[in-house]
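A quick write-up on the structure given underneath.
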């Protein structure tokens with residue numbers, strides 16, 4: 001039994017491809033075999049059902065059958081407004097210099113994180129190259 005009835009966190013497709021997924025295995029599972037993650041029944045609750053349905057509609061294999069990103073955003077905004085009772089305001093003006101500074105800060109943080117934590121390794125297996133990201137240091141290691 002899980003503590004407090006909450007399932008432990010798992011990687012996407014962990015049951016199907018294990019704890020060390022490769023790009024090739026994920027591609028085979030998702031693109032070729034058209035597999036989608038299983039959705040736990042508890043997520044079809046009244047308050048989350050609309051979000052789950054939106055997510056599933058974004059997974060449609062045929063591009064013309066998928067909902068647009070704008071439609072997905074509108075649905076999420078409606079759910080937010082219904083649950084919070086607060087109107088969602090999208091027309092907030094953010095000064096350009098603030099946006100640029102935030103973009104630069106984000107890019108520097110991502111580059112520093114990737115340099116500290118991940119190494120890309122490529123191994124040939126027949127005709128297809130496999131790529132795996134390996135974590136070399138614990139996330140809380142800030143050295």
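The residue that is surrounded by the fewest Cβ atoms within 10 Å (Cβ to Cβ), counting only those in the range 36-52 that are over 20 Å from residue 13 (Cβ atoms) and over 16 Å from the mean Cα position of the chain (by Cα), is 46. Within the range 75-96, residues that are farther than 23 Å from residue 55 by Cβ have Cβ atoms under 9 Å from residues that are at pLDDT 90 or above and surrounded by fewer than 13 Cβ atoms within 10 Å (Cβ to Cβ) in these pairs: 87/81; 94/102, counting only partners at least 6 apart in sequence or on another chain.
Scanning the range 54-90 for residues that are within 26 Å of residue 27 (Cβ to Cβ) and part of a helix (DSSP H, G or I) turns up 54, 55, 56, 57, 58, 63, 64, 65, 69, 72.
Here is the figure for the range 1-22: residues that are out of contact with any helix residue (DSSP H, G or I) (no Cβ under 8 Å at 6 or more places or on another chain), at pLDDT 85 or above, under 28 Å from residue 79 (Cβ atoms) and outside any helix (DSSP H, G or I) total 0. The single condition among (1) under 27 Å from residue 9 (Cβ atoms); (2) without any contact (Cβ under 8 Å) to a residue 60 or more places away in the chain; (3) assigned to a helix (DSSP H, G or I); (4) touching a helix residue (DSSP H, G or I) at 6+ places or on another chain (Cβ under 8 Å) that residue 25 does not meet is (2). Checking each residue in the range 61-76 for being surrounded by 12 or more Cβ atoms within 10 Å (Cβ to Cβ) and closer than 18 Å to residue 35 by Cβ picks out only 66.
The values are calculated or read from the model by the stated rules, or taken from the named source; none is laboratory data. This structure is a prediction, so every number in the text was calculated from the model and none was measured. For neighbour counting, all protein chains shown are included, and Cβ atoms are generated from backbone atoms with ideal geometry for every residue, glycine included.
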